[in-house]
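Enquirer: Let me begin by handing over the structure; questions about it come next.
The values are calculated or read from the model by the stated rules, or taken from the named source; none is laboratory data. All figures in this text were calculated on a predicted structure; none of them were measured in a lab. Cβ: placed from backbone, ideal geometry, glycine included. Neighbour counts: every protein chain shown.
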Amino acid sequence: MKRYGEVTALDGLDLDVPGGTVLGLLGPNGAGKTTAVSILTTLTRPDAGTAMVAGVDVLADPRGVRARIGLSGQYAAVDEHLTATENLEMIGCLYGMSRRDARRRGLELLDQFRLMEAADRPLKTFSGGMRRRIDLAGALVADPPVLFLDEPTTGLDPRSRGELWEAIRDRVQRGTTVLLTTQYLEEADQLADEIVVIDHGHAIAKGTSEELKRRVGGEHLDVHVNGADDARRTESIMNKVATGPMRVHHDEGEVSAPVANGVEALSIVLRELEEQRIAIVDIGLRRPTLDDVFMELTGHEASAEASQ
Ligand SMILES: Nc1ncnc2c1ncn2[C@@H]1O[C@H](COP(=O)(O)OP(=O)(O)O)[C@@H](O)[C@H]1O
Ligand SMILES: [Mg+2]
């Protein structure tokens, strides 16, 4: 449990991550993900409750925990004015590695993350994508058995995101245990063995990606029409194919529903829209997102600040 003044950031969150697996902590902005990570990485003390990381109690032996973990997120210990190589070397030394080992390991990681060309540039000249990659490299220098990755790919372009996913998978294959936080259902789907969905500091669902997707529906059909009247008529058409709660924004003319068979639903809806002479601005199938998970689990959308 963790309170910040009036705000209860964490409230009875129970996590269990078997060694060598990835737990995905999925939730919108403000859900408590970073608070959970800060407690587990000993950066914040909980107001109540206990936690063990790699067999070590975070309250009784925070130094022991820090020696066994790697952390990547907005709080990483990188120095803007040092070069990429110098930063990785410094982090390695903080973990007690010799300067030579840290340097060698750093170069290996720079190579793996396509940062060799930027190896001798200060971090302040790095692009956002490069920053994320060096940040993850920093968490990997000392090869810790447990990794905490707090929204490792938020804001990244698809290519960089895919590369980071590969690097994370690679670590897991070598036996690293990972706790990953994310706002992207797809990211949890790609990486996590088990997913815990959190909202307002507590778990609202737990399961494998398959289990969650079964609850949320495989695909979503989005229809965009002109104005509230058409949206209402579209809503009743979509009712025939929806397999769960729909999301409707009348004024924007947007209707979205989970569907079982995407292609079939799409053709049924297209035919009906045409028969009723409803003009389509846009229509398409897509995979479920965190917003869809929230709609299904809570009956309401993730809070407004979540959709970034
Ligand atoms: N240092 C802090 N002081 C006050 N409130 C905080 C602090 N850190 C987090 N909070 C609040 O706690 C809640 C959870 O935040 P956080 O753990 O950062 O969520 P997330 O990482 O999921 O976006 C939010 O309501 C946030 O505003
Ligand atoms: Mg956060």
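Enquirer: Within the stretch 196-216, identify whether any single residue is farther than 23 Å from ARG247 by Cα, crowded, with 19+ Cβ neighbours inside 10 Å and basic (Lys, Arg), and answer yes or no.
Expert: no
Enquirer: Okay, next question. For the stretch 23-56, name all the residues that are within 16 Å of the chain's Cα centre (by Cα) and either in a strand (DSSP E or B) or not assigned by TED's automatic domain parsing to the domain that holds LEU185 (or both).
Expert: Across the stretch 23-56, the qualifying residues are LEU23, GLY24, LEU25, LEU26.
Enquirer: For the stretch 159-191, enumerate the residues that are surrounded by fewer than 23 Cβ atoms within 10 Å (Cβ to Cβ) and not in a helix (DSSP H, G or I).
Expert: Matches in the stretch 159-191: ARG174, GLY175, THR176, THR177, GLN183, TYR184.
Enquirer: Quick test of your reading of the structure: GLY20 fulfils all but one of (1) under 23 Å from GLU187 (Cβ atoms); (2) in a strand (DSSP E or B). Name the failing condition by number.
Expert: With respect to (1) under 23 Å from GLU187 (Cβ atoms); (2) in a strand (DSSP E or B), GLY20 is out only on (2).
Enquirer: Something else about it: State whether one or more residues within the stretch 25-40 are basic (Lys, Arg) and either closer than 16 Å to PRO152 by Cα or crowded, with 24+ Cβ neighbours inside 10 Å (or both).
Expert: So far as the stretch 25-40 goes, yes, one or more of its residues are basic (Lys, Arg) and either closer than 16 Å to PRO152 by Cα or crowded, with 24+ Cβ neighbours inside 10 Å (or both).
Enquirer: Out of the residues in the stretch 21-43 that are out of contact with any strand residue (DSSP E or B) (no Cβ under 7 Å at 6 or more places or on another chain) and hydroxyl-bearing (Ser, Thr, Tyr), state the one that is farthest from ligand 1 (Cβ to nearest atom).
Expert: Ranking the qualifying residues of the stretch 21-43, first place goes to THR42.
Residue by residue, here is whether (1) exposed (fewer than 15 other Cβ atoms within 10 Å of the Cβ); (2) touching a Ser or Thr at 6+ places or on another chain (Cβ under 9 Å); (3) without any contact (Cβ under 8 Å) to a residue 24 or more places away in the chain holds:
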| position | (1), (2), (3) |
| --- | --- |
| ASN226 | yes, no, no |
| ILE237 | no, no, no |
| HIS249 | yes, yes, yes |
| GLY253 | no, yes, no |
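Enquirer: Being away from ligand 1 (no atom under 15 Å from the Cβ), outside any loop (DSSP other than H, G, I, E, B) and either closer than 20 Å to LEU191 by Cα or not basic (Lys, Arg) (or both) is the requirement here; does GLU80 meet it? Reasoning before the result, please.
Expert: Numbers: away from ligand 1 (no atom under 15 Å from the Cβ): yes; outside any loop (DSSP other than H, G, I, E, B): no; either closer than 20 Å to LEU191 by Cα or not basic (Lys, Arg) (or both): yes.
Answer is no for this residue.
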